[in-house]
Amino acid sequence: MEGSDVHPRWFALLKWLSGHGMDVSQEKLPVVARSTPDAGYGLFSLRSIIEPATPLFTIPASALLNHLTLAPHYPPTKPELTCTQFISLHLLLHRPLNGGQSSDPLFGPYISVLPQSFDFHPLIWLWKRRSDPSRSTLESRLVKCLPSSILAKLDKILSLFDKDWRRIQDYLRLNPSLIDDRNRIVNGIHFEQDYLWAWLNVNTRCVYHRLAKTQTDQNNMTLCPILDLANHTPTPPYTMPQATRAELWGIGPSSRRKYGEDFVLLSPSTSSTRCNEEMFLRYGAHSNATLFAEYGFVNQPNSEQDHNDYELDLGKVIEDLFSERGDIGYWMREVLIEEGYWGDWTLHFSPVPAHPSYRLITALRLYHLLPVSADDIPPGSDSTLQVWRDTMFGKRGTISEENEGLWKGTLSKICKDIIERGKGGLKMTVNIQEQGSPTWLQPAKACIETLWREEIDVAIAVARSLEDNEEF
């Protein structure tokens, strides 16, 4: 297992895990973290694994990094910190310095294996631009290249970060000794930037793990050593966590287990695994837009079949459409909220024909229920709305031929605007050059170009469906 391609801190991590009672022999741990050509490090098998869904390793619950393992070491607070806030706080206080190792006595060897930079992540670009909006930087130029749908997603994620950061600031003000300890080690560290690094580690590497009584509890998550070195794949074969007893029975972890249950990873269930084969994890059934906003990468299309997953979120475009109609637009917005149709408006490449989502059709039908020139909500609006509601309830297929023509015309114009904007976005992205550019720049540009091409392809396909009078 020795070799120059093995992660330099792999053996220190195994020694630490062994101290938690984990059997790290090759028989019980048939994987190793090695460098990969395109993705930093990945997990590789050390031997052939013939039987699908074979347990690969078991991480003791005490070695998992979550609110249960951290809470005993921090002053209590009300309201309690969330799991995201707890882990991010701990990483903030124990971030490795200048590429070194973490001095944390609890999880130091594990923290030292985590990514030490997220310069490639678009949330970093957005945060840097906000921190110094007057300065023209590589990051600010990249932000200008992003599709509006991606920016809308990033804005929401940045708001979540801000909310957590404010909570942590409040907590640190009540517990200043935590900061004092940190400042004695490192003086002048920019805490918010460090917290963003910590928060991104949590947001990009935590996995679902049942730690609470209810399945939907936001604290059912953990950072898991070794597992988070596995790279993403959208298609099989990929590894899967083994369901815990708490998850299978829907009862939450036993009170006898202070830190919850151990974490077990299974080999791919669809095939055997060859020796030296990279072992992947599926981060979720996410669109490229979500993958990029959350994780900082996209699935690059390898074939025409890959286009089938293409979708385009028109949230910002449709919100602006209603906003431009003033009071009537606001009234329509309230109607859509009341009926549960505000937001989540998408275009889809497949199944054929390429089409708008039903939610988008419903919103556009309402948009054209009243003439665009109308300034006021007409008397008897309830009866007018009932015709629209009847289409939702299946009592009628359309509002009218005129309404169908109007909303399809609006959508056709939206598609044409997207195509033109996409061409401009592609050109702007390609033209970004940087003297002595960082190694992450070209992959980042490739991601942005893929996102623009995806938007263009979906818009072209939907526009063609509209021209062909396809039924949706």
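The values are calculated or read from the model by the stated rules, or taken from the named source; none is laboratory data. Keep in mind that what you see is a predicted model, and the values were worked out from it rather than measured. No Cβ is skipped: glycine too gets one built from the backbone with ideal geometry, and neighbour counts run over all protein chains shown. Ligands, DNA and RNA are excluded from the accessible area calculation, which covers all protein heavy atoms including side chains. Shrake-Rupley method; radii C 1.70, N 1.55, O 1.52, S 1.80 Å.
Quick look at the values:
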| item | result |
| --- | --- |
| Probe 1.4 Å, accessible area per residue of the chain, Å² | 49 Å² |
| Size-normalised alpha-carbon gyration radius of the chain, reference 2.2 N^0.38 Å | 1.11 |
| Euclidean distance of C-alpha centroids, the range 79-143 and the range 314-360, integer Å | 35 Å |
| Residue-count net charge about Gly260 - beta-carbon cut-off 15 Å; Lys, Arg +1, Asp, Glu -1 | +2 |
| Computed helical MRE - 222 nm, the chain, DSSP H runs ≥ 4 contributing -39500 (n - 2.57), nearest 500 | -14500 deg cm²/dmol |
| Within the range 70-146, trypsin sites (Lys or Arg not before Pro) in DSSP loop having at most 14 other beta-carbon neighbours inside 10 Å | Arg135 |
| Thr58 long-range amide H proximity, modeled H, under 5 Å | none |
| Distance from the range 231-253 to the range 416-448 (C-alpha centre basis), Å | 37 Å |
| Relative contact order of the range 153-270, defined on C-alpha pairs under 8 angstrom at six or more residues apart (%) | 21 percent |
| DSSP-assigned coil residues among trypsin sites (Lys or Arg not before Pro) in the range 182-281, each with at most 15 further Cβ atoms within 10 Å | Lys213, Arg256, Arg257, Lys258, Arg274 |
| Net charge over other residues, Cβ less than 11 angstrom from the Cβ of Ser45 (K, R count +1; D, E count -1) | +1 |
| Ellipsoid semi-axes in whole angstrom, largest first, where each is sqrt(5λ) of the Cα gyration tensor of the range 1-141 | 31, 24, 14 |
| The chain: antiparallel DSSP beta bridges as a percent of all, rounded to 5 | 90 percent |
| Label-point separation in nm, Ser18 to Ile377, each point 7 Å along Cα→Cβ | 7.1 nm |
| Longest segment of the chain lacking GluC sites (Glu not before Pro) that sit in a DSSP loop with at most 15 other Cβ atoms within 10 Å | 81-323 |
| About the Cα centre, charge dipole magnitude for the chain (Lys/Arg +1, Asp/Glu -1 at Cβ), debye | 1500 debye |
| Relative contact order of the chain, defined on C-alpha pairs under 8 angstrom at six or more residues apart (%) | 18 percent |
| Of Asn431, Leu65, Trp249, farthest towards positive along the dipole that unit charges on Lys, Arg, Asp, Glu beta carbons give the chain | Leu65 |
| Net +/- balance of residues flanking Leu281 in space, Cβ distance below 12 Å, scoring K and R +1, D and E -1 | 0 |
| Long-range tail of P(r) for the range 137-285 (Cα pairs > 24 Å, %) | 55 percent |
| Calculated FRET efficiency for the pair Met428/Asp327, C-beta based, R₀ 41 Å, to 0.05 | 0.65 |
| Label-point separation, Asp170 to Trp249 (7 Å along Cα→Cβ), nm | 3.7 nm |
| Degrees, to the nearest 10: 176-185 long Cα axis against longest axis of the chain | 60 degrees |
| For the range 316-472, diffusion coefficient by Stokes-Einstein and Kirkwood Rh (Cα), 37 °C, 0.692 mPa s, µm²/s | 188 µm²/s |
| Cα lying deepest toward the dipole's positive end in the range 266-349, options Val317, Asn299, Val335, charges on Cβ | Asn299 |
